[in-house]
Amino acid sequence: MALLPILTAPDPRLKKKSLPVETVDADVRQLMDDMLETMYDAPGIGLAAPQVGALKRVIVLDIDREETKTGPLFMANPEIVEASDDDVIYEEGCLSVPDHYSDVARPENVRVRYLDRDGKQQELACEGLLATCVQHEIDHLDGVLFIDHISSLKRNMILRKLLKARKEKERDEAEGKPSAKDQAKDPEHAL
Ligand code: NI
């Protein structure tokens with residue numbers, strides 16, 4: 001397993017549509033395992049392949065690692081096959097949009113169909129944080145970030161701040177200053 005670098009916005013690769021995987025083979029399983037390790041290290045509760053520069057429809061999730069009963073979820077080609085009419089609002093963050101959070105409304109319950117780590121087709125009814133997280137990660141596969149669900153005014157402000165933070169980090173690195181490791185403050189909000 002290996003830790004992969006996580007892309008941050010604005011990065012054109014985060015805006016691309018990812019392609020379905022044909023089969024869950026050894027390469028895809030390797031990607032899933034590396035993504036899970038990268039997500040735990042970040043730390044976050046969900047990660048999509050384009051966030052590590054792989055434009056494949058693959059996501060990993062683990063919303064309650066501490067008290068986990070189900071273990072991590074690995075999904076290839078996930079698609080929402082049913083969504084509730086009722087929305088729920090959750091304050092979302094994203095490992096690719098570090099240090100910024102916004103309320104986003106999404107369907108409260110969804111049913112997702114996907115191929116698991118063994119390539120077997122599964123369906124899972126998701127509610128609560130898992131439903132929010134699955135929809136956030138599938139958005140990534142279509143080049144959509146949570147900031148695309150908020151006002152353009154707020155989105156542009158966040159993107160400007162991210163660019164500024166990146167430039168400062170690059171300048172510090174060029175000057176040989178030690179840079180603090182990017183840490184999501186609250187993994188519950190790093191989807
Ligand atoms: Ni995200």
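The values are calculated or read from the model by the stated rules, or taken from the named source; none is laboratory data. Predicted, not measured: the structure shown is a model, and the values here were computed from it. All Cβ positions, even for glycine, are placed from backbone atoms using ideal geometry, and neighbour counts span all protein chains on display. What goes into the accessible areas is simple: the full protein's heavy atoms, side chains included, and nothing from ligands, DNA or RNA. Shrake-Rupley method; radii C 1.70, N 1.55, O 1.52, S 1.80 Å.
Worth pointing out:
- Kirkwood radius and radius of gyration were both taken over the C-alpha atoms of segment 25-138, and their ratio Rg/Rh is 0.94.
- Cα-based Rg of the chain normalised by 2.2 N^0.38 Å, two decimals: 1.01
- Helices meeting the span-like rule in the chain (full DSSP H runs, Cα extent of at least 15 Å along the helix axis, mean Kyte-Doolittle score of 1.6 or higher) are absent.
- Between Asp186 and Leu153, the modelled labels are 2.4 nm apart [label points 7 Å from Cα along Cα→Cβ].
- Once the C-beta distance of Gln122 and Gln30 is scaled by a Förster radius of 30 Å, the resulting FRET efficiency is 0.90 to the nearest 0.05.
- At an R0 of 30 angstrom, the distance between the Cβ atoms of Asp11 and Ile80 translates into a FRET efficiency of 0.75.
- Dipole of segment 1-159 [Lys/Arg +1, Asp/Glu -1 at C-beta], most positive-end residue of Val104, Met32, Val81: Met32
- Per residue solvent-accessible surface (Å²) - the chain, probe of 1.4 Å: 54
- Solvent-accessible area, 1.4 Å probe, carbon plus sulfur percent, for the chain: 50
- Charge dipole of the chain about the Cα centre (unit charges at C-beta), most positive-ward option of Thr8, Ala54, Ala174: Ala174
- What you get for segment 127-180, charging only the Cβ of Lys and Arg (+1) and of Asp and Glu (-1), is a dipole of about 480 debye around the Cα centre.
- Extension gain, Asp142 to Asp64: 0.36 nm times the residue separation minus the Cα-Cα distance gives 25.5 nm.
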